[in-house]
Amino acid sequence: VQLQASGGGLVQAGGSLRLSCAASGSTASSGAMGWFRQAPGKEREIVAAIRSGGITFYGDSVLGRFTISRDNAKNTVYLQMNSLKPEDTAVYYCAASPTDPFTRMGQSTSYAYWGQGTLVTVSS
């Protein structure tokens with residue numbers, strides 16, 4: 001199983017970016033897919049997650065600015081990031097779970113598969 005993330009880059013504060021992550025197999029992501037991020041010196045944290053039925057979960061710091069969506073036919077998850085702030089700078093990782101994590105969809109331990117990470121840098 002492979003997760004291929006793309007879309008990271010350098011953007012000015014207030015700008016937007018869209019991340020994509022494609023899973024190599026349909027069963028790998030059939031439960032849920034999510035985005036986590038890790039900034040230097042900080043722990044990995046949930047950004048957003050989406051279950052196969054479309055139920056979403058967002059971290060408090062991105063609520064109202066980021067939107068997660070998925071295309072089940074393409075086994076792909078997207079993260080639209082608007083109103084970016086310098087504190088959003090981090091390596092963003094996509095993750096997939098073959099089983100439904102239900103209320104644990106915001107926890108990294110719920111995901112069996114991880115992508116390689118894509119760097120997002122927001123300049124002030």
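For the chain, the alpha carbon convex hull comes to 87 Å³ per residue, rounded to a whole number. Only one residue of Ala95, Ser61, Ser124 has its Cα farthest out toward the positive end of the dipole of the chain, where Lys and Arg carry +1 and Asp and Glu -1 on Cβ, and that residue is Ala95.
Enumerate by residue number the trypsin sites (Lys or Arg not before Pro) in the range 3-100 meeting two conditions: DSSP loop (anything except H, G, I, E, B), and at most 11 other Cβ atoms within 10 Å of the site's Cβ. Don't skip to the answer; put the middle values down first.
Values: sites: Arg18, Arg37, Lys42, Arg44, Arg51, Arg65, Arg70, Lys74; in loops: Lys42, Arg44, Arg65.
Here the sparse-neighbourhood loop sites are Lys42.
About the centre of its Cα atoms, the chain shows a dipole size close to 120 debye [charges on the beta carbon of Lys, Arg (+1) and Asp, Glu (-1) only; nearest 20 debye].
All of the numbers you see were taken from the coordinates with simple rules; none came from a lab. What you see is a predicted model; the values in this text were computed from it and never measured. Cβ atoms come from the backbone with ideal geometry, glycine included; neighbour counts cover every protein chain shown.
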